[in-house]
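Novice: Got a structure here, written out as C-alpha cells. Questions coming.
The values are calculated or read from the model by the stated rules, or taken from the named source; none is laboratory data. The structure displayed is predicted, hence computed values, not measured ones. All Cβ positions, glycine included, derive from the backbone under ideal geometry; neighbour counts span all protein chains shown.
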Amino acid sequence: MPLVDPAAASQLGAVVSQVPSLPLQASPDDWAFVWENRDYLLSGAGLTVALTVVSLLVGFLAGFPAGVVEAYGEGALRSLVAGAGVALRGTPIVVLLIVAFFVLPTPDLRLLGLEVSGGFVAGVLGLGLRSAAYQAQIFRGALRSVDDGQLEAARAVGLGRIEAIRRVAVPQALRRSVPGFQNEVTIVLKDTSVVFAIGLSELLTRSYDLFVRQTTAVLEVILFASLIYFVLTFSTNRALDYAESYFAIPEGNA
Amino acid sequence: MVRTDDGVSRRTYLQLVGASSVAGITATAGCSAGGGGGEEITPATAPGFPPFEMKNDAGELIGFDVDLLSAVVEETEFTLGEWEEFEFSSLIPALKNDRADVVAAAMTITDDRDESVDFSESYYSADQAILVADSGDFAPSELADLADGKVGAQEGTTGASVVTEQLVEGGDLAEADFNTYGSYVLAVEDLVNGNVDAVVVDTPVANTFAANRPVSVTFTYETGENYGFAVQEGDSDLQSALDDGLATVREDGTYEELTAEYFTG
C-alpha cells in the first residue's frame, strides 16, 4: 500500500505548481522531469569524467617533469618552464580553450578505433596544459619539502644527482603531493563545464538544455547536476584518501 | 564516452572520404570557397533559445532556425552537414575560424556583426518584449519606466544592449540595478523570485515564457531587428545560395508552415 495516496499526491503537485510567488520551490513535476532525463544528464556526466581523467593525465605527464625542473633545474630550461607556468596559470581557462579550438585549430582524431572530435582534443589540451601548470607547483612544493640533507646523504653513499632525486626525493614527494593533487582533481572536474564554449555537451551544458525545455525546473536540474558532481568529487577524494594512507611514508609509532 | 554528440564534422567527413589527416587541418578554407555541387556545409547554432533552437525530449536539436535552414539549404546545391553547438558568443569565432560555414541562431543583423561576417537576407523580424512577474505590482508601460526598477537580460543579446544604451548609459538606471545572465531562463527565474522587476527579451521567446511561467509581457519595445543566417566573410556563393533558397521557401509555402508550427499555439 502506498504511503501517500497517488491521487492526493498529484493534487498536491497541482496545488503547489499553482503557487507562483514562493521563490525557488521544488515541484514534484519538475523532479519527475529530471528523473525522466537522468540518462541524458548521466551521459553528459560521462563526458565530464572522460575529460577530467584525460586532462589530469596530460597534466600529470607534463606537470610532473615541469615540477622537477622547477625544483631542481637551473638556467634557461628552468626559466622556460617557470615562464610557461606563469603564462598558463595567469590565463583564464576559457581563453585557453578558445585558443586551442579556434586558433590552433585542433583536428578530429582517430585513436585506437575511437573517433575523438576536435572539440574534445581542444578541451583536453586547454584543461590539461592548465592543470600541468598547477600540478607542476604541487610537485615542486612537495619536492622542496624533502630535506636537502637527504639528498646530500644520497650523494654521500654514491648516488648521482639525478639518481638521488629519482630514488630519494621523488618517492617521498609523490606521497606528500596527494592532498594537493586531490584539490587539483576536483578543480579540473568542475572546470570541465567551460567546454560548452567550444561546443562540447557535458553535464552542465546538458543541464542548461533541460531547464530551457522545462523552464520551471531550474532548481531541480541544477540540484541534480550538483549531486552528480558531489558524488564524483566525494568518491575520488575518498579513493585518494585511501591511496594517501596506503602509500604513506611509514613512521615510528604507526 | 570520448565520442561526443557532435556527429561527424566536416573534417571527419573529409578524412572518411580519403583525404589525409593533414588535409583535415589545412584544407578547410578551400572547402568553403569551392562552391562545387553537393558540397557539405557545417551549420552551427546555440541551443537554448526556444522556439528558434532547443533540444527535444530525445536530446536532439530542433527549432524554427533548424528546420528553416534545412529547408533553405535543400533548395541549393549545398548539402547540410551535422550541426555544431556553441555558446552564442562563440558562434562568430566559429565562423571566422572555419569551425562552421553558416550560423542559424536567431542572430540579429547588426553593423558590428556585419563587419566580421556576412549575412543572408533577413528571415525573421522581432522586437524586444518586457516581461514582468504576474505576482508583482511593477507595471511599466514604456522603456523610461524601467528606470524605477531592477532590470535583467541575457548577456550579449539585443535586450541587454537596449537596456545598456537606452537606460544605463544615459544615467537613468544605475548599473547595479541591471543584471545580466548566461541564460535568459535564469533571468526569468530571478524575475519570478522577485530579484528583478522586469526582463527584456526577444518577443517570440517572451511569448513562449508567458505561456508556461507566471510572467507576462507588459509592453514591447520596437527595435525592428532582423534575424539573418551568418556566413563567413566573402563567402558570397553560399550567401547568395541562401538568399535564393530563402526566396523559394517563402514562395512555396514552407516558410509559412514553419512559422505556423513554431509561433502559434
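Novice: Suppose we filter B:201, B:192, B:196 for residues that are part of a helix (DSSP H, G or I) and modelled with pLDDT of 90 or more; which single one remains?
Specialist: B:192
Novice: Pull up the range A:133-187, narrow it to residues that are outside any helix (DSSP H, G or I) and of a type outside the set (A, V, I, L, M, F, W, C), then point me to the one that is farthest from residue A:67 (Cα to Cα).
Specialist: Among residues in the range A:133-187 that are outside any helix (DSSP H, G or I) and of a type outside the set (A, V, I, L, M, F, W, C), the one farthest from residue A:67 (Cα to Cα) is A:158.
This table checks each residue for (1) modelled with pLDDT under 90; (2) surrounded by fewer than 22 Cβ atoms within 10 Å (Cβ to Cβ); (3) more than 14 Å from every other protein chain (Cβ to nearest Cβ); (4) under 30 Å from residue B:243 (Cα atoms).
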| position | (1), (2), (3), (4) |
| --- | --- |
| B:122 | no, yes, yes, yes |
| B:151 | no, no, yes, no |
| B:166 | no, yes, yes, no |
| B:171 | no, yes, yes, no |
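Novice: Check the range A:40-54 and report whether any residue there is farther than 14 Å from residue A:232 by Cβ, in a helix (DSSP H, G or I) and modelled with pLDDT of 95 or more.
Specialist: Yes, because at least one residue in the range A:40-54 is farther than 14 Å from residue A:232 by Cβ, in a helix (DSSP H, G or I) and modelled with pLDDT of 95 or more.
Novice: Name every residue in the range A:118-131 that is under 12 Å from the mean Cα position of the chain (by Cα) and among the hydrophobic types (A, V, I, L, M, F, W, C), in order of residue number.
Specialist: A:124, A:127
Novice: Can you give me the number of residues within the range B:73-94 that are among the aliphatic types (A, V, I, L, M) and modelled with pLDDT of 95 or more?
Specialist: Residues that pass the stated criteria total 2.
Novice: Let me spell it out: the conditions are (1) within 30 Å of residue B:78 (Cα to Cα); (2) within 14 Å of chain A (Cβ to nearest Cβ), and residue B:195 meets all of them except one. Which number is the exception?
Specialist: All conditions are met except number (1).
Novice: Could I ask something else about it? Which residues, taken from the range A:47-96, are polar (S, T, N, Q) and surrounded by fewer than 20 Cβ atoms within 10 Å (Cβ to Cβ)?
Specialist: A:79, A:91
Novice: Specify which of the listed residues (A:154, A:142, A:133) is in contact with a Lys or Arg (Cβ under 8 Å, 6 or more places away or on another chain) and either free of Cβ contacts under 8 Å to residues at least 24 places away in the same chain or on the phi > 0 side of the Ramachandran plot (or both).
Specialist: Within the list A:154, A:142, A:133, the selection yields A:154.
Novice: Here are the criteria: (1) away from chain B (no Cβ under 11 Å); (2) at pLDDT below 95; (3) crowded, with 22+ Cβ neighbours inside 10 Å. Tell me which single one residue A:117 does not satisfy.
Specialist: (1)
Novice: Filter the range A:97-114 for residues that are free of Cβ contacts under 8 Å to residues at least 24 places away in the same chain, within 19 Å of residue B:97 (Cα to Cα) and in contact with a Lys or Arg (Cβ under 8 Å, 6 or more places away or on another chain); which is surrounded by the fewest Cβ atoms within 10 Å (Cβ to Cβ)?
Specialist: A:105
Novice: From the list B:262, B:255, which one is touching a residue at least 60 places away in the same chain (Cβ under 8 Å), touching a Pro at 6+ places or on another chain (Cβ under 6 Å) and in a helix (DSSP H, G or I)?
Specialist: The match here is B:262.
Novice: Can you pull out every residue in the range A:196-225 that is outside any helix (DSSP H, G or I) and more than 7 Å from chain B (Cβ to nearest Cβ)?
Specialist: Within the range A:196-225, A:202, A:214 meet the criteria.
Novice: Checking the condition over 18 Å from residue A:58 (Cβ atoms), surrounded by 21 or more Cβ atoms within 10 Å (Cβ to Cβ) and in contact with a Gly (Cβ under 8 Å, 6 or more places away or on another chain), which residue from A:169, A:164, A:142, A:132 passes?
Specialist: A:142
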